[in-house]
Amino acid sequence: MPGTKFDNKKRQTVRNLRIREDTAKYLLNLNPNSAHYDPKSRSMRDNPLKELHHKKPSELSFAGENFVRSTGQVKEITKLQLFSWEAGERGSNVHLQAEPTKAALLHKEYVKRKDEFKSEVSNAIIDKYGGKEHLHNAPPKELLLATTEEYVEYSRTGKIVKGQEKIIPKSKYQEEVHVNGHTAVYGSFFGGGKWGYKCCRSCEKQAYCTGAAKQIWG
C-alpha cells in the first residue's frame, strides 16, 4: 500500500510519518471547533485553515487530506487501480504495482476503444432517428446531475448559513446517562484526590444521589 512501510524484523507497520521540521496538523489551528484530527490514523480530512486564511486550498501549506486526495495524479492512479482490479477479475494478468507500464498502456488502449465504441453507437442512433441539432442545446451536465434532497441556505457571499452542519463524531459508549437519581455523570466532580458526582459531590460510584443539601466534599 502506498505510504506504508513494513519491517519484517520488527513485525510492525508505520504509516504516514511526517518530517519533524514540519508543523503537526493538529497545531495549525488550535480552535477546538476546527477540523477534526484522528490520532489513531493521524488523519485530518477537513481544512484546518479555512477560517484563518482567505486563500485557495492550493495556496495553503496544508488544506486537509480530502483536498490532497483529489489533486494531482491521484484520480488517474485511482482509475488505473480500478482498471487493474476489474481486468484481473476478468482473467487478465494485470497488476499496477508489479507492472505499472503494462497497466498504463492497457488502460490507455481500453479508454481509446471505449470512446470509439461510444462514438459509433451515438452516430448509429443519430443516423437512424436523427436529432443531431438538439445535442448542442442540452443543458450542462452539472445542472442535470446536481439535484439533491438536502436543504441548504446560502448568504450573499456564498457561504453556507444553514444546512450541511458538521457531524460531531460520537463515541461507542453511552453518554449523559444518569443513574440512581443523579443529575450529573460520574467523573464530573473532583475533590480530595477522588472523582465523583457534581450534583451531590459523592465520591462513591453507583451510590444514590443525596441531593445538594448533603454534599460530600471529601
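Please treat every number below as a calculation from the coordinates, not as lab data. Just so it is clear, the structure is predicted and the values come from calculations on it, not from any experiment. Virtual Cβ from ideal backbone geometry, glycine too; neighbours counted across all protein chains shown.
Assorted remarks:
- In a DSSP loop and with at most 15 other Cβ atoms within 10 Å, the trypsin sites (Lys or Arg not before Pro) in region 65-147 are R69, R90.
- Listed values for region 170-176 are Karplus-derived 3J(HN,Hα) couplings in whole Hz (6.51 cos²θ - 1.76 cosθ + 1.60, θ = phi - 60°), namely 9, 8, 6, 8, 6, 10, 6, and x replaces Gly and Pro.
- Distance between the 7 Å Cα→Cβ label points at K102 and D127: 3.8 nm.
- In this calculation the C-beta distance from H95 to R45 is compared with R0 = 35 Å, giving a FRET efficiency of 0.75.
- Too-long pairs where the Cα-Cα distance tops 29 Å, listed order kept, from K75/K172; K108/K141; K79/K128; K79/K162; K55/K108: K75/K172; K79/K128; K79/K162; K55/K108
- Here region 35-87 and region 108-155 have alpha carbon centers that stand 28 Å from each other.
- Using a Förster distance of 45 Å, the FRET efficiency for T23-E116 (Cβ separation, nearest 0.05): 0.35
- Packing-based order for 194-206, 37-49, using average beta carbon neighbours within 10 Å, highest first: 194-206, 37-49
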